[in-house]
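To start, the structure under review is shown below, and the notes come after it.
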Amino acid sequence: MVDRCICRDRSFKEVLEYAKEHELTTTDALEAADFCCTNCKLCEPYVELALETGQTEFVPGAFIRQP
């Protein structure tokens, strides 16, 4: 399961809590706050999905949308 920003070692649960506390709604805002999505960017699509759905664990590739 994918459940965290590896570079920052922050779980998606922590990311959602931080985003809510600071009223941040996008990965760009979280990146600007230097909280996540700032290094390798592998977590970015998962963080986007977490912000959309409120989920904190994903199967690898969960962000890939099927037509």
Check your understanding: Looking only at the range 40-64, which residues are assigned to a loop (DSSP other than H, G, I, E, B) and either open to solvent by 80 Å² or more (accessible area, probe 1.4 Å) or free of Cβ contacts under 8 Å to residues at least 24 places away in the same chain (or both)?
Key -> Lys41, Leu42, Gln55, Glu57, Val59, Pro60, Gly61, Phe63, Ile64
Review point. Within the range 1-21, which residues are part of a helix (DSSP H, G or I) and farther than 12 Å from Glu44 by Cα?
Key: Lys13, Glu14, Leu16, Glu17, Tyr18, Ala19, Lys20, Glu21
Exercise for review: For the range 18-52, enumerate the residues that are under 20 Å from Met1 (Cα atoms) and over 11 Å from the mean Cα position of the chain (by Cα).
Suggested key: Cys40
Point to revise | Test result for Cys37, out of contact with any Lys or Arg (no Cβ under 8 Å at 6 or more places or on another chain), part of a loop (DSSP other than H, G, I, E, B) and buried (at least 16 other Cβ atoms within 10 Å of the Cβ) | key: yes
Practice item. Determine whether the range 16-38 contains at least one residue that is in contact (Cβ under 8 Å) with a residue 40 or more places away in the chain and either of a type in the set (A, V, I, L, M) or touching a strand residue (DSSP E or B) at 6+ places or on another chain (Cβ under 9 Å) (or both). Key: yes
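The values are calculated or read from the model by the stated rules, or taken from the named source; none is laboratory data. Predicted, not measured: the structure shown is a model, and the values here were computed from it. FYI the Cβ positions are ideal-geometry reconstructions off the backbone, even for glycines, and counts take in every protein chain you see. All accessible areas refer to the heavy atoms of the entire protein, side chains included, with ligands and DNA or RNA removed. Shrake-Rupley method; radii C 1.70, N 1.55, O 1.52, S 1.80 Å.
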